[in-house]
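The numbers here are math on the coordinates, done by the rules we state, and not lab data. These numbers come from a predicted model, not from an experiment. Cβ: placed from backbone, ideal geometry, glycine included. Neighbour counts: every protein chain shown.
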Amino acid sequence: MTASSVWTRKDLLSLYDLSAEEILCILDTAEEFKKVSQRNIKKVPALRGKTVVNLFVEPSTRTRISFELAEQRLSADIINVSADASSLRKGETLLDTVKNIEALQVDLVVMRHSAPGAPNYLANQLSCGIVNAGDGAHSHPTQALLDLFTIREKKGTLKGLNVTILGDILHSRVARSNMWGLLKLGANVTFAGPSTLVPREFEQAGVRVCHNIREALEGADVVNLLRIQHERQKKGFFPSTGEYAKVFGLNADTFKYLKKDALIMHPGPINRDVELSSALADCPQSVILEQVTNGLAVRMAVLFLVAGCLKNGR
């Protein structure tokens with residue numbers, strides 16, 4: 001079965017929308033693009049003649065750079081738009097802004113926005129492709145895909161693995177996106193952290209929820225740490241970052257609960273010695289920098305597949 005027969009979407013909005021076959025299609029395509037990045041000449045003409053607009057209404061460093069480099073490697077024409085430099089600052093609606101961009105015959109819009117559902121709203125009203133680069137606390141599909149890719153690359157499969165996601169689940173689009181991808185590919189998922197940040201409602205999706213770090217880590221094949229945002233402490237979700245680190249941080253004391261070959265992951269940026277000790281962030285079991293490398297291949301795959309559907313059906 002070819003990628004073109006599996007992938008038929010002009011947009012990538014969330015992993016909740018995708019079947020297991022579609023997720024695997026992206027991961028398999030990313031494997032091929034990772035080989036491209038290992039060659040002396042790292043550029044391919046897959047998106048030559050296509051125009052991609054990066055519309056980042058919310059600040060980003062890692063994701064934006066990764067998408068821009070992916071677009072360059074695919075030979076696309078690139079336009080970068082930020083909220084401060086756009087008509088959004090003058091009061092223009094998001095839909096009008098993107099409709100004006102589309103009127104210039106662009107093919108894809110890679111979009112980050114603080115409002116949950118903003119990419120879905122645009123995708124339903126535009127013919128150009130929309131790739132969600134993160135929307136509020138709702139979804140971050142390419143981050144989840146690169147996490148899945150990294151786990152599969154290291155472990156060979158996701159089926160039957162025990163994956164613990166530890167930290168601020170309540171406000172995390174990464175946790176939600178990972179949850180859907182992991183469950184669809186047969187992994188067992190645990191959400192862990194303080195009860196104020198890990199509500200029981202996630203159990204309805206098939207996730208195990210626990211508020212004890214030993215229980216969360218014992219038997220885990222993978223632990224994915226989420227950044228603890230300092231503004232959460234000010235709002236009373238936990239007493240202090242120091243207390244969080246002591247009770248829920250992954251450090252030399254809590255590391256012993258993991259399997260000996262467990263992977264340590266983090267979407268970045270890391271608060272060293274809060275959710276993750278500095279020593280473990282740089283230890284051999286850490287694949288944090290490999291996640292960054294794999295993010296490039298995954299985003300190349302997503303852009304390639306979405307653009308292919310535009311070519312066939314636009």
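A simple charge model with +1 on the Cβ of Lys and Arg, -1 on the Cβ of Asp and Glu and nothing else charged puts the dipole of the stretch 129-190 at about 240 debye relative to its Cα centre. Quick check for you: which residues of the stretch 171-202 have the amide N under 13 Å from the point 7 Å beyond the Cα of Arg208 toward its beta carbon? Residues passing the 13 Å test: 187-192.
When the chain is treated as a Gaussian network with alpha carbon springs shorter than 10 Å, the biggest mean-square fluctuation among Gln285, Gln38, Gln229 belongs to Gln38.
Charged side chains reduced to their Cβ positions (Lys and Arg at +1, Asp and Glu at -1) give the stretch 141-291 a dipole of some 240 debye around its Cα centre.
Summing charges over all other residues whose Cβ lies under 11 Å from the Cβ of Pro116, with Lys and Arg as +1 and Asp and Glu as -1, gives +1.
The simple spin-label model puts a point 7 Å past each Cα toward its Cβ; for Asn40 and Lys99 those points are separated by 5.2 nm. Residue pairs exceeding 18 angstrom between C-alpha atoms, taken from Lys10/Lys43; Lys34/Lys184; Lys10/Lys50; Lys10/Lys99; Lys154/Lys259; Lys155/Lys259: Lys10/Lys43; Lys34/Lys184.
For helix 20-37, what angle does its Cα long axis make with the longest principal axis of the chain, in degrees from 0 to 90 and rounded to 10? The two axes meet at around 80 degrees. The convex hull drawn around the Cα atoms of the chain, when projected onto a plane and averaged over every direction, covers 16.2 nm².
Sequence-ordered 3J(HN,Hα) estimates for the stretch 146-152 from the Karplus curve with 6.51, -1.76 and 1.60 and θ = phi - 60° stand at 5, 5, 4, 4, 5, 4, 5 Hz, glycine and proline given as x. Taken along its three principal axes, the alpha carbon spread of the stretch 161-314 comes to 54, 35, 30 Å, from the longest extent down to the shortest. If you build a Gaussian network model of the chain, linking Cα atoms that sit under 10 Å apart, which residue out of Leu296, Leu161, Leu15 swings the most? Most flexible of the set in this elastic network: Leu161.
Restricting the calculation to alpha carbons of the stretch 12-72 gives Rg and Dmax of 13.8, 37 angstrom.
Of the residues Phe248, Pro116, Ser286, the one whose Cα sits farthest toward the positive end of the charge dipole of the chain, with +1 on the Cβ of Lys and Arg and -1 on the Cβ of Asp and Glu, is Ser286. Placing +1 on the Cβ of every Lys and Arg and -1 on the Cβ of every Asp and Glu, with no other charges, gives the chain a dipole of roughly 420 debye about its Cα centre.
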